[in-house]
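*Asks:* Take this structure first; my questions come after.
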Amino acid sequence: MSSSEENTTNSLDDLDPELSAILNNIEAIDRTPNVWPKALADLLSVIQYQLARSLNITLDTAYPYARNSCVAIAHCLGGKQIYLPRSSLLERAFRDIEANQETTCANLEESGLPPQQTLMAVLSIIQGELARSLDITLEAAYPHAKDACKALSNYLSGRAFYLPRSDRLQRALRNIKIYQAFDGFNQRSLAQEYGLTPQRVYSIIEQQRELHHAPPNGAAV
């Protein structure tokens, strides 16, 4: 990690110890498409915790905003490897964005987008979702979307990740929601709520526990 990246990460840590404690345990995302459930869990966690901090709301309240953002990101960028710029390039990338060099879903069909252009797209997506969900202007949503993108770049930059565009994404988001709602005793009520067997709910919780608590960089447990 470069000194500029380290300084940026440390400044975020100082701002929110709870956020940094959780995000520092996020596993480095693999470069192969078959690990997309882990990539989704990481992406959702980063956006959720950052929006909770930025908007001064609870994690539960932030969850649907983060979920909607992930769905929109997958809709626009799913099916291809996604890269974000490293921290040292963030300020230049945001200057480009703020100079109205826009990137929208309509021009994202080609693969291999440069990281700065991908950042513009992700920022635009999160900004639009927040404006819609919170019933605020795009201008008011911008700083919160920018904070989320900074966190994504700080913790996920330099690695490729992949999201699907099919119903697999919806099932994965459902599984994350089940995991977050599990309190250790409500396995049967969750099974009833989601139309699953208690055994299937338990299997989902175990799978999600592995995704959310995997050791950093493939270290041994």
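*Asks:* Could you pull out every residue, at least 5 positions away or on a different chain, whose amide H is within less than 5 Å of the one on residue 80? Hs are placed 1.01 Å off N in the peptide plane, and Pro or chain starts have none.
*Replies:* Amide H neighbours of residue 80, under 5 Å, 5+ apart: 163.
*Asks:* While we're here: Residue-wise, which Karplus ³J(HN,Hα) couplings in Hz belong to the range 40-51, taking 6.51 cos²θ - 1.76 cosθ + 1.60, θ = phi - 60°, and x for glycine or proline?
*Replies:* Residue by residue, the range 40-51 yields 5, 4, 5, 4, 5, 4, 4, 5, 4, 5, 5, 5 Hz.
Coordinate-derived values only; no laboratory data. What you see is a predicted model, and the numbers here were worked out from it, not measured in a lab.
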